[in-house]
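The values are calculated or read from the model by the stated rules, or taken from the named source; none is laboratory data. It should be emphasised that the depicted structure is a prediction, and the values quoted were computed from it without experimental measurement. Note: ideal-geometry Cβ built from the backbone for every residue, glycine included; neighbour counts use all protein chains shown. Note: accessible area is taken over every heavy atom of the protein model, side chains too, but ligands, DNA and RNA are not part of it. Shrake-Rupley method; radii C 1.70, N 1.55, O 1.52, S 1.80 Å.
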Amino acid sequence: MAVRLPIFATATRGTEPFLAQELETFGCKRIRQDRGGVRFMAALDEILRVCLHSRIAMRVLYPLGEFESVGAEGLYEAALQVPWEDWLTTKTTFAVEATLKDSEHTHTGFVALKIKDAIVDRLRQKLGARPDVDSHDPTVRVVAHLAKTHLTLSLDLCGEPLFKRGYRIETTIAPLKETLAASLLMASGYTGEEPLADPMCGSGTLIIEGAWMAMRRAPGLKRHFALEDWPEFAAKAKPLLDDLRREAVSQQRTLPFQMLARDYDADALAAVKRNVVAAGLSTAVRIEEADVLHAEPPDMPKGLLITNPPYGERIGDGGQKGMKSFFHALGRSLQKWEGWRLSILAGNTAFESAFGLRPNKRTDLWNGPIECELLQYPAIYRRG
Ligand SMILES: C[S@@+](CC[C@H](N)C(=O)[O-])C[C@H]1O[C@@H](n2cnc3c(N)ncnc32)[C@H](O)[C@@H]1O
């Protein structure tokens, strides 16, 4: 029977349930949601499936040790106990990243430094020399998480975070993270079987993520994973990854419908155009310049309208009052989108009442530091 390893996949706050749902489909076992991620047990092929196919996970971590740690000395002593020589040679580069929660330490850099010192000292003792630190592009990224005095030391199996899909050539103000956009689509019950429209698309993240879901395109298909460079994993992982990549390509399909991306801003339209091309979606996405408050609904098969309107900082000079009238006008305009379900990420508490429609489902999520609600509205049908 394949050995199952304990893994922790990180996720942005509020998206943990969607990650847990995804992990079940990959065959992972003992899935437990935590704040900021999901724990599970998985065999190597399942771990690789997560790296390649997860739309929600940010990082996939393999914990090497958990310790109680007090003071700077505690960090050093804990890190000294981990058999780093199993993972690092004198030729591999490495970096340590630290995250803190309710800890006596306030500087992540200090915590990372103490752990780096211990790794270097242990390897000098075991291997007779030390590997170099490369904070930009290390072969092995060590992640230290200190919650109060509980220290977890893990290896990051993917390297660059998984939201880096490779299609974001150009960005705009306040783009959504790819992983959050995918979570919003999942939370909206999007299965890839209907068209999508985003009338305030910005750089196009929701439409691109949705199109990839509908095409069954594996989000990690074109990227490299850190574990491919580790002697311990690479020999076993590479053939499995090759098979999984081949399988992923064979499962892809051409989109049976078009997606619609609209915005009224020239910079946003330039960004979405470039990103859509980079994502291989130039014929799949229709891009239009339109002001959502005045434009007519598109002439196309109906599906899900999903969007994240501006939160408030950048809409004219009207402040909160200006936002309320914008949301009110938006509600009136979107009522014309007969037959479309609506899913709107609202980051402004004034949104719901000003918008004026009654949501039938709401999901709490965080967009970085901003607490948001994804409000869903059933399709509008008029009589007559
Ligand atoms: C928060 S951003 C959307 C970010 C986008 N989801 C992304 O991932 O890049 C809001 C977008 O709404 C657009 N917008 C604001 N008012 C609009 C209007 N009246 N008509 C069309 N687009 C509008 C802005 O130009 C901006 O691109």
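Pull up the range 85-143, narrow it to residues that are closer than 20 Å to residue 157 by Cα and aromatic (Phe, Trp, Tyr), then point me to the one that is modelled with the highest pLDDT.
Looking at residues that are closer than 20 Å to residue 157 by Cα and aromatic (Phe, Trp, Tyr), I get 94.
Find all pairs meeting these conditions: Cβ atoms under 6 angstrom apart; at least six residues apart or on different chains; first residue within the range 201-217 and closer than 16 Å to residue 54 by Cβ; second residue among the polar types (S, T, N, Q).
Cβ pairs passing all conditions: 216/251; 216/252; 217/252.
Being surrounded by fewer than 16 Cβ atoms within 10 Å (Cβ to Cβ) and modelled with pLDDT of 95 or more: is that true of residue 16 here? Please lay out each step first, then the result.
Numbers: surrounded by fewer than 16 Cβ atoms within 10 Å (Cβ to Cβ): no; modelled with pLDDT of 95 or more: yes.
Against the criterion (surrounded by fewer than 16 Cβ atoms within 10 Å (Cβ to Cβ) and modelled with pLDDT of 95 or more), residue 16 does not qualify.
Looking at (1) over 25 Å from residue 22 (Cα atoms); (2) assigned by TED's automatic domain parsing to the domain that holds residue 307; (3) free of Cβ contacts under 8 Å to residues at least 24 places away in the same chain; (4) not β-branched (Val, Ile, Thr), which is the one condition that is false for residue 235?
All conditions pass for residue 235, except number (2).
Kindly indicate whether any position in the range 84-93 is part of a helix (DSSP H, G or I), in contact with a helix residue (DSSP H, G or I) (Cβ under 8 Å, 6 or more places away or on another chain), open to solvent by less than 30 Å² (accessible area, probe 1.4 Å) and in contact (Cβ under 8 Å) with a residue 24 or more places away in the chain. Reasoning before the result, please.
Kept after step one, since they are part of a helix (DSSP H, G or I), are these residues of the range 84-93: 84-86.
So of that shortlist, the ones also in contact with a helix residue (DSSP H, G or I) (Cβ under 8 Å, 6 or more places away or on another chain) come out as 84-86.
From the residues that got through so far, the ones that are open to solvent by less than 30 Å² (accessible area, probe 1.4 Å) too are 84.
Cutting the leftovers down to in contact (Cβ under 8 Å) with a residue 24 or more places away in the chain gives us 84.
The answer is yes; a qualifying residue exists.
Residue by residue through the range 6-22, note down the ones that are under 25 Å from residue 147 (Cα atoms) and out of contact with any helix residue (DSSP H, G or I) (no Cβ under 7 Å at 6 or more places or on another chain).
The first filter runs over the range 6-22 and keeps only residues under 25 Å from residue 147 (Cα atoms), leaving 6-20.
Result: 6, 8, 10, 13, 14, 16, 17, 19, 20.
Of these, 99, 152, which one is part of a strand (DSSP E or B), in contact with a Gly (Cβ under 8 Å, 6 or more places away or on another chain) and either under 28 Å from residue 54 (Cα atoms) or within 16 Å of the ligand (Cβ to nearest atom) (or both)? Quick ask: steps written out before the conclusion?
Working: 99 fails: in contact with a Gly (Cβ under 8 Å, 6 or more places away or on another chain).
The match here is 152.
Applying the selection to the range 70-83, what residues are at pLDDT 95 or above and in a loop (DSSP other than H, G, I, E, B)?
81, 82, 83
Residue under question is residue 255, and the condition is that it be open to solvent by less than 20 Å² (accessible area, probe 1.4 Å) and either without any contact (Cβ under 8 Å) to a residue 12 or more places away in the chain or away from the ligand (no atom under 13 Å from the Cβ) (or both); does it hold?
Numbers: open to solvent by less than 20 Å² (accessible area, probe 1.4 Å): no; either without any contact (Cβ under 8 Å) to a residue 12 or more places away in the chain or away from the ligand (no atom under 13 Å from the Cβ) (or both): yes.
Taking the combined requirement at face value, the residue does not satisfy it.
Take the conditions buried (at least 16 other Cβ atoms within 10 Å of the Cβ), at pLDDT 95 or above and within 16 Å of the ligand (Cβ to nearest atom) and apply them to residue 196. Does it pass? Let's see the steps before the verdict.
Values: buried (at least 16 other Cβ atoms within 10 Å of the Cβ): yes; at pLDDT 95 or above: yes; within 16 Å of the ligand (Cβ to nearest atom): yes.
When the stated conditions are applied, residue 196 passes them.
For residue 306, state whether it is open to solvent by 20 Å² or more (accessible area, probe 1.4 Å), within 16 Å of the ligand (Cβ to nearest atom) and either among the small types (Gly, Ala, Ser) or not in a helix (DSSP H, G or I) (or both).
On the way: open to solvent by 20 Å² or more (accessible area, probe 1.4 Å): no; within 16 Å of the ligand (Cβ to nearest atom): yes; either among the small types (Gly, Ala, Ser) or not in a helix (DSSP H, G or I) (or both): yes.
When the stated conditions are applied, residue 306 does not pass them.
Look through the range 258-273, keep the residues that are surrounded by fewer than 17 Cβ atoms within 10 Å (Cβ to Cβ) and of a type outside the set (Ser, Thr, Tyr), and return whichever of them is farthest from the ligand (Cβ to nearest atom).
Restricting attention to the range 258-273, the residues satisfying the condition of being surrounded by fewer than 17 Cβ atoms within 10 Å (Cβ to Cβ) are 264-267, 270.
Add one more test, that the residue is of a type outside the set (Ser, Thr, Tyr), and what stays is 265-267, 270.
Details: 265: 3, 266: 9, 267: 8, 270: 11 Å.
Only one residue tops the list, namely 270.
Could you tell me whether any residue of the range 127-144 is outside any helix (DSSP H, G or I), closer than 30 Å to residue 220 by Cα, within 16 Å of the ligand (Cβ to nearest atom) and in contact with a helix residue (DSSP H, G or I) (Cβ under 9 Å, 6 or more places away or on another chain)? Walk me through it before giving the result.
Just the residues of the range 127-144 that are outside any helix (DSSP H, G or I), to begin with: 128-144.
Next cut, closer than 30 Å to residue 220 by Cα only: 131-144.
The next check asks that each one be within 16 Å of the ligand (Cβ to nearest atom); those that pass are none.
Checked against the condition, which is being outside any helix (DSSP H, G or I), closer than 30 Å to residue 220 by Cα, within 16 Å of the ligand (Cβ to nearest atom) and in contact with a helix residue (DSSP H, G or I) (Cβ under 9 Å, 6 or more places away or on another chain), the range 127-144 yields no hits at all.
Just for the range 333-384: of the residues that are of a type in the set (S, T, N, Q) and more than 25 Å from residue 17 (Cβ to Cβ), which one is most open to solvent (accessible area, probe 1.4 Å)?
Initial filter on the range 333-384 (of a type in the set (S, T, N, Q)): 333, 335, 343, 348-349, 353, 360, 363, 367, 376.
Narrowing further to those that are more than 25 Å from residue 17 (Cβ to Cβ): 333, 335, 353.
Numbers: 333: 5, 335: 64, 353: 102 Å².
Looking at the filtered set, the residue picked out is 353.
Taking the range 165-175 as the search range and keeping residues that are open to solvent by 10 Å² or more (accessible area, probe 1.4 Å) and touching a helix residue (DSSP H, G or I) at 6+ places or on another chain (Cβ under 8 Å), which one is nearest to the ligand (Cβ to nearest atom)?
From the range 165-175, those open to solvent by 10 Å² or more (accessible area, probe 1.4 Å) are 165-166, 168-175; that's our starting set.
With the extra rule that they be touching a helix residue (DSSP H, G or I) at 6+ places or on another chain (Cβ under 8 Å), the set shrinks to 165-166, 168-172, 175.
Values: 165: 13, 166: 16, 168: 9, 169: 13, 170: 10, 171: 7, 172: 5, 175: 3 Å.
Across the range 165-175, the extreme among qualifying residues is 175.
Just wondering, is there one or more residues in the range 281-295 that are in contact (Cβ under 8 Å) with a residue 40 or more places away in the chain, more than 10 Å from the ligand (Cβ to nearest atom) and surrounded by fewer than 17 Cβ atoms within 10 Å (Cβ to Cβ)?
no
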